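Read through the structure below, which is laid out as structure tokens, and then see the notes.
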Amino acid sequence: AKKDKHAIIIDLYELCIRILEEEGVLQTLLEEEKDLDEDAISYTMDSLLDIKEVVIPRISQIITDENPDFAFITGVGRVYPFLRSHGVLNNIEELANNCNLVLFFPGEYNNLQLSLFGIISDENYYRGHNLNDIKCSYDNI
């Protein structure tokens, strides 16, 4: 077996909380959430958590800094609807240069499309693999 594999976990929820804290808006959002309308919250979250301009570069930086063999991405269900898994998956090429990415997804994947929680369908096509369909031993990794 190959030894000394390095893996990291990137929790999208924790990453988003950290970004909102760094921008100085988390506490305000939490305190004023009940008084803000849904559109204002969505607009704020969409701009501060822009997938291409903010989230993907942050994930990419973490992967570059850590240089892992595997990066496990979690927290997809906790960041919905402000961040969507297809945003990460559609930009996966720039993340997956030197490591294997595993996205933990709370739902179903039929080798074509994702369905969040088995309820919310996504019309995007993905070329990923369902780990339930892959049979291998640790010795082959």
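The values are calculated or read from the model by the stated rules, or taken from the named source; none is laboratory data. Predicted model only: the values in this text are computed from it and were never measured. Here the Cβ positions follow ideal geometry from the backbone for every residue, glycine too, while neighbour counts run over all protein chains shown. Only protein heavy atoms, including side chains, enter the accessible area calculation; ligands, DNA and RNA are left aside. Shrake-Rupley method; radii C 1.70, N 1.55, O 1.52, S 1.80 Å.
For the stretch 4-19, the set of residues classified as open to solvent by 30 Å² or more (accessible area, probe 1.4 Å) and not in a helix (DSSP H, G or I) consists of 4, 5, 6, 7, 9, 11, listed by residue number.
Cβ-Cβ contacts under 8 Å between residues 6 or more apart (or on different chains), taken from a first residue in the stretch 26-51 that is modelled with pLDDT of 85 or more to a second residue that is surrounded by 12 or more Cβ atoms within 10 Å (Cβ to Cβ) and not hydrophobic (A, V, I, L, M, F, W, C), are listed as 29/44; 48/23; 51/84; 51/87; 51/91. Please go through the stretch 20-57 and pick out each residue that is part of a helix (DSSP H, G or I) and either β-branched (Val, Ile, Thr) or touching a strand residue (DSSP E or B) at 6+ places or on another chain (Cβ under 9 Å) (or both). Within the stretch 20-57, 28, 41, 44, 51, 54, 55, 56 qualify.
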